[in-house]
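Everything below concerns the one structure shown next.
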Amino acid sequence: RLQDAINNDNGDGGKLSSFAPTITPAPTTATNPTALPYSTTVDGSSDISSRNPTVYTSPPTVLTHPRRNDDSNKLDILDFTPHLDDDEPHSVLPDHIVHERVNLVANYTNGIRTFACYNGAEAIRYAHSIGLYTVAGAWVDTRTDKATEEMECIINLAREGVVDLASIGSEVLTWSGLSAEEIVEYIAWFRQMVPNVKVTTAVKYEAMMDVKNQEIIIPAVDVLYINYYPYWSGYHISLALAVHKAEHAEMKAIAGDKEVWISETGWPSEGSCWNGYAEPSPNNQERFLREVFNWTRSENVVLSWFDGFEQPWKNGNEWCNVAAHWGIFDRRGVIKAGPARVLEGE
């Protein structure tokens, strides 16, 4: 069906934008909505050693959205790590450096999304202080001690009133060894401790096509937050937007009454080889950004673009050495020419 939708796209999104495959929506009620994933101590802390996997339902709530100005070409949200070329990867940078980096991207985005709390909390605090929308990430995986530290960090950060949306885990169903049941336990822990802050998890499109994941994840989150990468699927740039739109339509079809936001999408500007028919190049990065930006604006889809700054320490970590080259800013913090043209309205 996906290929049929791509073939039928007439260029203006007419047929493809209405493409909605027949998929049974996930249940919208929990099997045990009152159960908690861990025992709770007298002082309110959570003991994750006593797990009781179940399906949780998010309470009725109204999501806030990144503000948009029709006269501005700013992104809704930019996936953000503050490190540049000379910084130690994954380190906690001084506050004044973090503020400078947030100010750099604030010229081109209405919000930021971080991936970890231990080195992203100050970016969230400062972004909130200057009026940006904040998606605060907690990095959780099979290292229970580290995951616990991240959860305590994001719970405390959210209690400061600076988090618009919490994102617990990034692609954990694909790379981090956690099951849907386990990630939902972390989401439930956060919701128990900070019930007034919206929460989700970032999931790859391919992982969310698994019916079991749909049944567990969708009822537990306030918004479905999905990563889409036509580049990694090997599509030629001429088909990339059509693929993206078709995949997003599939997610909307299974989401029931939940909104579907884009947590990551992007295109690398450099690489040592093609991935199938997908070529990493500055022209393709600019084209994909322009096409996705225009589509999400016209269809009112919330877009989190990957990535902010280039991350040179990642070279060699991905096929064709593209890992370092997803940013719209280069490794020195200068916006690339192509993204600048798109986001400055050229």
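The values are calculated or read from the model by the stated rules, or taken from the named source; none is laboratory data. None of these values were measured; they are calculated from a predicted model. Cβ: placed from backbone, ideal geometry, glycine included. Neighbour counts: every protein chain shown. The protein model used for the area step is the full one, side chains on, heavy atoms only, and it has no ligands, DNA or RNA in it. Shrake-Rupley method; radii C 1.70, N 1.55, O 1.52, S 1.80 Å.
A few remarks follow.
- 3J(HN,Hα) along region 176-193: 9, x, 9, 7, 4, 4, 5, 5, 5, 4, 5, 4, 5, 4, 4, 5, 4, 7 Hz, from the Karplus curve 6.51 cos²θ - 1.76 cosθ + 1.60 with θ = phi - 60°, whole Hz, x for Gly and Pro.
- Distances between placed amide hydrogens fall under 5 Å for residue 198 paired with 166, all partners being 5 or more residues away or on another chain.
- For region 332-344, 3J(HN,Hα) per residue [Karplus equation, 6.51 cos²θ - 1.76 cosθ + 1.60, θ = phi - 60°, Hz, x = Gly/Pro]: 9, x, 9, 5, 6, 4, x, x, 4, 4, 5, 7, 9
- Rolling a 1.4 Å probe over the protein heavy atoms gives region 244-299 an accessible area of 38 Å² per residue.
- Karplus (6.51, -1.76, 1.60) ³J(HN,Hα), θ = phi - 60°, over region 148-158, in Hz, Gly and Pro reported as x: 4, 4, 5, 5, 4, 5, 6, 5, 5, 5, 5
- A protection proxy built from the mean count of other Cβ atoms within 10 Å ranks the segments 303-309, 329-335, 283-289, 245-251, most packed first, as 303-309, 245-251, 283-289, 329-335.
- Qualifying aspartates and glutamates (Cα of each under 13 Å from Cα of residue 198; at least 8 residues distant if same chain): 164, 222, 259
- Nonlocal amide H pairs with residue 75, under 5 Å, H built at 1.01 Å: 109, 110
- Close amide H partners of residue 335, meaning residues 5 or more places away or on another chain with modelled amide H under 5 Å apart, are 330.
- When each of 314/336; 258/314; 252/336 is checked by Cα-Cα distance, pairs over 30 Å: 258/314; 252/336
- Applying 0.36 nm per residue to the separation of residue 209 and residue 72 and subtracting their alpha-carbon distance, the gain on full extension is 45.9 nm.
- Net length available on complete extension from residue 142 to residue 97 is 13.1 nm, with 0.36 nm assigned per residue and the Cα-Cα distance removed.
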